1. Can you run the Rg to Rh ratio on region 156-227? Use alpha carbon positions and the Kirkwood inverse-distance Rh.
2. Can you compute log10 of I(q)/I(0) for region 52-117 with the Debye formula, treating each Cα as one identical point scatterer, at q = 0.15, 0.18, 0.22, 0.23 Å⁻¹?
3. Starting from the Kirkwood radius over alpha-carbon pairs of region 249-397, derive D by Stokes-Einstein at 37 °C in a medium of 0.692 mPa s and give it in µm² s⁻¹.
4. Counting each DSSP H run of 4 or more residues in the chain as -39500 (n - 2.57), what helix-only mean residue ellipticity at 222 nm follows after dividing by all residues, to the nearest 500 deg cm²/dmol?
5. Treat the count of other C-beta atoms within 10 Å as a stand-in for reagent exposure and order Arg357, Arg74, Arg212, Arg138 from fewest to most.
6. Applying the Karplus parametrisation 6.51 cos²θ - 1.76 cosθ + 1.60 with θ = phi - 60° to the phi angles of region 137-153, what ³J(HN,Hα) value in whole Hz is obtained for each residue in order, glycine and proline being reported as x?
7. Got the relative contact order for region 118-260 handy, in percent, Cα pairs under 8 Å and 6 or more residues apart?
8. Roughly what % of DSSP beta bridges within the chain run antiparallel, to the nearest 5?
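Bear in mind these aren't lab numbers, they're just calculated from the coordinates by the rules spelled out. Not measured: the values here are computed from a predicted model. Reconstructed Cβ throughout: ideal geometry from the backbone, glycine too, with neighbour counts over all protein chains shown.
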Amino acid sequence: MKIHKLLLGVTALFGLMAGQAMAETVKIGVVLPYSGGAAQFGEQIDRGMNLFISQNKDAFGGNEIELIKRDSKRPGGDIAKNAVQELITREKVNLLTGFVFSPNAMASAPLATQGKVPMVIMNAGTAWIPSLSPYIARVSFTMWHAGYPMGEYAHNKLGCKTAAIGFTDYPPGKDSRNAFTTGFEKAGGKVLEAIPMGGPREVPDFTPFFQRVKNAKPDCFYIFVPAGNHSVAVVKTYASLGMGDDGIKLIGPGDITQDTKLQDMPKEAEGMITVHHYSADYDTPRNKAFVKAWKDAYGADTTPDFMGVAGYDGMAAIAHAITAQSGKVTAEGTMKALSGWTYDSPRGKIMIDPETRDIIHDSNVHKVVSKDGRMMIEVIDTIPQVKDPCKANKIGKCK
Ligand code: PHB
């Protein structure tokens, strides 16, 4: 068990000398996968959090923060829930953060409510998670931020009249399927079939699922998998079955074109269209500075991705909440400070929607292109400041 203590003591000392209130110590429980196949996600988010802290030592109002990290290991919910229980009852944390996998956030939500400990979610994307506890706010995304506009775009701009869907069979996969189906059918498209393709823990052999889709000959094939090694296997299977030659367009949320995985993909990735809110290739001064700082800190061959930026933005949100309360952090005070918080993120302008406690950000249409021998993301369209479409349209469990 790792305990990382970050002392912002110098600032605190100056505060005291200036006659200000004494610095408080704020304990933050961080629940992330630090081992197994998903450890790459934990590392991304950790790096994002640490980069924010190292660049913004003054952002915590002179208070001390203690990060108490726990390994959620798997997506199943149980390990994360036990960790959260221990963080609340024994460590008496003021805040919880992290949460890559939706089932881990869902299993932990009742504990946040009972213990009155705010949770700042840095990834888990199933749309209705914040309705499980009044103490949840999310800085990452919902599956609808990408899936719903991707459905509209596939029909209206890519000319797809029919689509097949493949999804990892757990809550965010089903949510992403619903998001795409809603957007696509509302625009006039027809979903031919939606295929569950195994769970999030192991990368399955995608071949039988993709063969079914090849036979059905849809115009578009929309896929959600939980990023990482799953996404590389998706593109490799699409390539090996020659589905591009059949005229089937591979599309999805940006999870399937994650920055950290693009260079591992075959050339058939070129031309893929995804919708997402972040790529390291965004050509803005704010993002360029962020990517440079990331490479300076972690190595020229590393790159942030949507999880890294969520760790960074999440720590910015936490810093804001701590400072707004002068370090005396309460659950109500934290939720009030997070509500309506805005930030100039490397992804662009973001805000925590006071109505839903979910993020509002731009959803961008990404095209994979090959330039100077590397695969990269080009932004070809932007849907500005998207409020989670599931809650905005009161669909299903978002009612
Ligand atoms: C989730 O479990 O909510 C999840 C995991 C990985 C992703 C997206 C969503 O890329």
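1. Across region 156-227, the Cα-based Rg/Rh ratio is 0.97.
2. Log10 of I(q)/I(0), two decimals: -0.52, -0.70, -0.90, -0.95.
3. Rounded to a whole number, D works out at 195 µm²/s.
4. Theoretical 222 nm ellipticity from helices: -12000 deg cm²/dmol.
5. Going from least to most buried by this count: Arg212, Arg74, Arg357, Arg138.
6. Calculated HN-Hα couplings, in order: 10, 10, 9, 8, 5, 10, 4, 7, 4, 9, x, 5, x, 4, x, 5, 5 Hz.
7. Value for region 118-260: 23 percent.
8. Among the beta bridges of the chain, antiparallel pairing accounts for roughly 40 percent.
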